Structure formats: C-alpha cells, structure tokens
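What follows is one structure encoded as structure tokens, with my remarks underneath.
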Amino acid sequence: MAKARIAVIGAGLMGHGIAQVFALAGHEVSIHDSVAANLDGAKARILSNLRDLGDDVAAVDRVQPTGDLAAAVREADYVVEAVLEDLPLKQKLFAEIERAARGDAIFASNTSVIPITAIMGGLENRARALGTHWWNPPYLVPLVEVIGTQWTSAPVIDWTMALHAAAGKQPAHVKKDVPGFVGNRLQHALWREAISLVENDICDAETVDTVIKAAFGRRLAVLGPLENADLVGTDLTLAIHKTVLPDIESRPGPSPYLEKLVAEGKLGFKSGEGFRQWSPEEQAALRAKVVQHLKNARDT
Ligand SMILES: NC(=O)c1ccc[n+]([C@@H]2O[C@H](COP(=O)([O-])OP(=O)(O)OC[C@H]3O[C@@H](n4cnc5c(N)ncnc54)[C@H](O)[C@@H]3O)[C@@H](O)[C@H]2O)c1
C-alpha cells in the first residue's frame, strides 16, 4: 500500500490511538482537536504507548498536531473523525471538512452507534464517505468494521479495507448501515441475556461472568459461533434452538433491571457499584488484566 496522508479529527481516547496505528504503518498523520489540552497531550500519549508496546518510537515523528481543522485535512487522502458521540457535531464537522479537503479525499467516521447514513447524508459527495468502527484500545484490538452506506462507492470500500489491512488491522466489511453494525449487535445480544439471567434470579452477576469466561469465552478468540455451529453440526444447532430460543430474552427494549440500576445511581466503576460492587483496587486490577490479556494476544 502506498503511503498516504491521513487526518485524524479528535485526539481523545480513540483518535490518538488511531493516529498511532497509521503513523506506525508509515503514513504521515495530521491530528486535530478543538481542545488545546487534548491536542497538546496527543504525541506524549502516543510515545508512551509505543514505548510500552516495544514499537518503533520514531513513528511519533510522523504525527503532526494542528489546532486548525482546514490545515489538518487540506492535503489528506483520508480523513477519519473520532470526536464526541454527537450527531449534529459530526454533521457540522464533515460539512467543514468537505469544504476544506481535496475533492478525492475519503471520509470516515469512527462512531460507535450513530448511523453513518445520518452523519454523511448532507455531504455533496456521499460516495466517498463510510464508517470505520475501531475498538478500544485501537492499537491492541485488531478489528475495524468498515461500514458502507447506500451511497458509498465500491472503490472507496476497497481502498479503506486495504489501508487498514496494510496497517496490521483486521478490517471486516459491513454491507449495510444497521445500528450496532456487526460487533455491537452480537455483543449486546449476549448482554441482554446476561442481564435477564440476573433479573430472573437464575444466577448472580458474578456467576454470569464466570460461566462465560470459564467456558465458551475461552474458545471465542479462535472459534466463532458459526464455525462452532458447523463444528457441532447445523442439525444439532437446530435442535438446541428449538428448545432454548423460546425461553431466552427477546424483549425489544432495555431491561427494567438495568434501568433501575441507573435510576439508583449504580453506574458501575464510576460510582463504585453496578451489577457488582467495585473498590478502586478491584477496578484497577481488572483494567490491568484486560490490557495484559490484549498485549499477550497481540504477541502470539
Ligand atoms: N471509547 C471507545 O471505546 C470507543 C470505541 C469505538 C468508537 N468510539 C467512538 O469514537 C469517538 C470518539 O470517542 P472517544 O472515546 O475517543 O472520546 P473522547 O472523549 O476520548 O475524545 C473525543 C475528542 O473529540 C474532541 N472534540 C470534541 N469536539 C470537537 C470538535 N468540534 N473538533 C475537534 N475535536 C473535537 C474532544 O476534545 C476529545 O479530545 C466517538 O464517536 C465514540 O463513540 C469510542
């Protein structure tokens, strides 16, 4: 893949990590944020991550922070947005980006849940726009979902897939712009049943997590559900579904149990209690465990 000029808009948790991945792949990266403190800290965060991971620290020299949005995107081949999850903000930003960028530049949004169609619908050239959904931390989780809208051209999808593959990511093409794309639909289908098991007093929250982590969670990184269905047989899968599916949670909205936790201020780590209670030490230990696990997976 030829080296490209990449602009990353938003230098927060996701933006600085996305900039790091592209810089490490040899691309020139401009990064912009409207909050000076976030922009000023971006290169230090990237350098610290590169050191921690044993990656080439010279990559940080390819990252150019700028407080000027137009300057960040003017020469770019590819612009990826990772600002706050706010539809009017993203729409306004892409209108500004389209005025300043080259006519052939490709535009991507890293939104988690907002339809790409809603973000990009106001552009003059909608064929050049798509979604790229990275996972946190961007430099440790391989997947990037590449989401086309009804307007996105095939060459734009192909180029974006190739860009991410060449940067060491695992791009996955999502053919329709549906809420949650693929990853979050699957993840939250599981969370819905997990909450329902607790809500219906079938087991407690710790048991739900233990069952997943000690059983099929162990296999999930190497055996997807559809590979697993083929492995055991589609006939067996059908028989299991006839018995189990009528009984598992299928309500279309959020669980009342979850709504009650939120109403009571039980917000998880940030309040010290959610489904379970969390001391500061337990929170730090769990965060560290996740990062270490992702680092180990990256090295294998
Ligand atoms: N955090 C995650 O796990 C995760 C995962 C996948 C996708 N996302 C999505 O990525 C995007 C960014 O999330 P984040 O977690 O990095 O948020 P964040 O709050 O860490 O960073 C957002 C950054 O955008 C900047 N910003 C706000 N308005 C701006 C503007 N007008 N111009 C330029 N910069 C502006 C903020 O100053 C901030 O630095 C969101 O759309 C989010 O939904 C987040």
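Tabulated data
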| quantity | calculated |
| --- | --- |
| Failed condition for SER271, given (1) modelled with pLDDT of 95 or more; (2) part of a helix (DSSP H, G or I) | (2) |
| Residue list for region 70-89, restricted to those being within 11 Å of the ligand (Cβ to nearest atom) and within 22 Å of the chain's Cα centre (by Cα) | VAL80, GLU81, ALA82, VAL83, LEU84, GLU85, ASP86, LEU87, PRO88, LEU89 |
| Residue list for region 171-195, filter: charged (D, E, K, R) and without any contact (Cβ under 8 Å) to a residue 60 or more places away in the chain | LYS175, LYS176, ARG185, GLU193 |
| Qualifying residue in region 280-295 (condition: at pLDDT 95 or above, more than 25 Å from the chain's Cα centre (by Cα), surrounded by fewer than 12 Cβ atoms within 10 Å (Cβ to Cβ) and part of a helix (DSSP H, G or I)) | yes |
| Residue count for region 68-103, restricted to those that are open to solvent by 60 Å² or more (accessible area, probe 1.4 Å) and in contact with a strand residue (DSSP E or B) (Cβ under 8 Å, 6 or more places away or on another chain) | 2 |
| All positions within region 226-284 that are acidic (Asp, Glu) and over 21 Å from LEU190 (Cβ atoms) | ASP235, GLU264, GLU273, GLU281, GLU282 |
| Filter result for ILE106 (open to solvent by less than 10 Å² (accessible area, probe 1.4 Å), aliphatic (A, V, I, L, M) and more than 11 Å from the ligand (Cβ to nearest atom)) | no |
| Residue within region 4-14 that is more than 16 Å from LYS169 (Cα to Cα), over 20 Å from the mean Cα position of the chain (by Cα), free of Cβ contacts under 8 Å to residues at least 40 places away in the same chain and open to solvent by 70 Å² or more (accessible area, probe 1.4 Å) present | no |
| Yes/no for ALA205 being open to solvent by less than 70 Å² (accessible area, probe 1.4 Å) and touching a strand residue (DSSP E or B) at 6+ places or on another chain (Cβ under 6 Å) | no |
| Unmet requirement for MET14, which otherwise passes all of (1) in contact with a Phe, Trp or Tyr (Cβ under 9 Å, 6 or more places away or on another chain); (2) closer than 15 Å to ASP61 by Cα | (2) |
| Selection count, region 51-69, where residues are in a helix (DSSP H, G or I) and within 12 Å of the ligand (Cβ to nearest atom) | 1 |
| Candidates THR111, THR132, THR149, filtered to the one that is part of a loop (DSSP other than H, G, I, E, B), of a type in the set (Val, Ile, Thr), within 16 Å of the ligand (Cβ to nearest atom) and out of contact with any Leu (no Cβ under 6 Å at 6 or more places or on another chain) | THR111 |
| Failed condition for SER196, given (1) over 30 Å from HIS16 (Cα atoms); (2) open to solvent by 20 Å² or more (accessible area, probe 1.4 Å) | (2) |
| Among residues of region 124-153, those that are closer than 23 Å to VAL290 by Cα and aliphatic (A, V, I, L, M), counted | 4 |
| Pairs with Cβ under 8 Å, 6+ apart, first in region 18-38 and within 21 Å of ALA101 (Cα to Cα), second of a type in the set (S, T, N, Q) | ILE18/ASN110; GLU28/GLN64; VAL29/GLN64; SER30/GLN64; SER30/THR66; ILE31/GLN64; ILE31/THR66; HIS32/THR66 |
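The values are calculated or read from the model by the stated rules, or taken from the named source; none is laboratory data. Keep in mind it's a predicted model, so treat the numbers as computed, not measured. Ideal geometry is used to build each Cβ from the backbone, glycine not excepted, and the neighbour counts take in all protein chains shown. Ligands, DNA and RNA are stripped out before the accessible areas are found, and what is left, the full protein with its side chains, is counted by its heavy atoms. Shrake-Rupley method; radii C 1.70, N 1.55, O 1.52, S 1.80 Å.
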